1. Please give me, ordered by residue number, the trypsin sites (Lys or Arg not before Pro) of the range 137-218 that lie in loop per DSSP and have at most 11 other Cβ atoms within 10 Å.
2. Quick one: of the DSSP bridges fully inside the chain, what percent are antiparallel, nearest 5?
3. At 7 Å along the Cα-to-beta-carbon direction for both Ile164 and Lys147, put a label point, then send me their distance in nm to one decimal.
4. When a footprinting reagent is the concern and you count Cβ atoms within 10 Å, what order do Thr119, Thr152, Thr88 take, fewest first?
5. Tell me, what is the FRET efficiency for Asn116 and Arg60 to the nearest 0.05, using R0 = 22 angstrom and their Cβ-Cβ distance as r?
6. How big is the shadow of the Cα convex hull of the range 1-107, averaged over all directions, in nm²?
7. Which of the aspartates and glutamates could a cross-linker span from Lys169 if the Cα-Cα distance has to be under 13 Å and same-chain partners fewer than 8 positions apart are dropped?
8. Express the C-alpha Rg of the range 160-218 as a ratio against the empirical globular expectation 2.2 N^0.38 Å, rounded to two decimals.
Amino acid sequence: MQKLIAPSLLSANFKNLSDDIEIINNSEADWFHIDVMDGVFVPNISFGFPVIKHIKEIARKPLDVHLMITEPDRYIEEFKKIGADILTVHYEACIHLHRSIQSIKHNNMKAGVVLNPHTSVNLLEDIISEVDLVCLMSVNPGFGGQKFIENTYIKISKLKDMIISKNSKSLIEVDGGVDLNNVEKLSKCGTDIFVAGNTVFGSKNPAATIAELKRLSN
């Protein structure tokens, strides 16, 4: 399949968020990646319901909403109402992960599970056939601009083997430190979706950077 680029709006210019959304709309990007943080699960606070609803009104591409929050089950229906197309929840935050995934699907969204850097992919063996995607954090969640954790390559390969052995259709997403120097290697290891924040919005020409990420990953 064609590899997907999902620019992270956490790195956008919040003073001119609409302008940055239009840049993504008119680029080769495939999804908008939106990080939701509650200041409890991770030491930062980001987009809330009103902001995401505004983003949905402008965005012309799917919203990939990444919940870095405690008790995510409480808000699944609300995220559907405000426009999430893909909803991912952390393994570490879900007491009953299977129930959470089924709830997301029941609300007609694609369902994904996220793993922190220290969490083994082996823990997904019993649910990998149920999820649409697995997002591997390649930095510790909470802040943009962190250094890529090299062990991620090994985790991607292990996860890819599991997906194949279980006949799963799950896609692999990598979030954190993705740039023009590692996107090709990440793709060869089995990554399908690349979340890029600072690499895109920190460049002089975000659309050209997205196009280059697309070229290198395919």
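1. On the way: sites: Lys147, Lys155, Lys158, Lys160, Lys166, Lys169, Lys185, Lys188, Lys204, Lys214, Arg215; in loops: Lys147, Lys166, Lys169, Lys204.
Hits after loop and neighbour filter: Lys147, Lys169, Lys204.
2. Values: 1 of 33 bridges.
Percent antiparallel among DSSP bridges in the chain is about 5.
3. It works out to 3.2 nm between the two label points.
4. By the 10 Å Cβ count, ascending, the order reads Thr119, Thr152, Thr88.
5. Details: r = 32 Å, r/R0 = 1.43.
Once rounded, the FRET efficiency stands at 0.10.
6. Details: hull surface 28.9 nm².
Hull-based average projected area comes out at 7.2 nm².
7. Cα-Cα hits under 13 Å: Glu130, Asp132, Asp161, Asp192.
8. Numbers: Rg = 12.8 Å, N = 59, 2.2 N^0.38 = 10.4 Å.
Compactness ratio reported: 1.23.
Computed from the coordinates by the stated procedures, all read-outs in this text should not be read as laboratory data. None of these values were measured; they are calculated from a predicted model. Cβ atoms come from the backbone with ideal geometry, glycine included; neighbour counts cover every protein chain shown.
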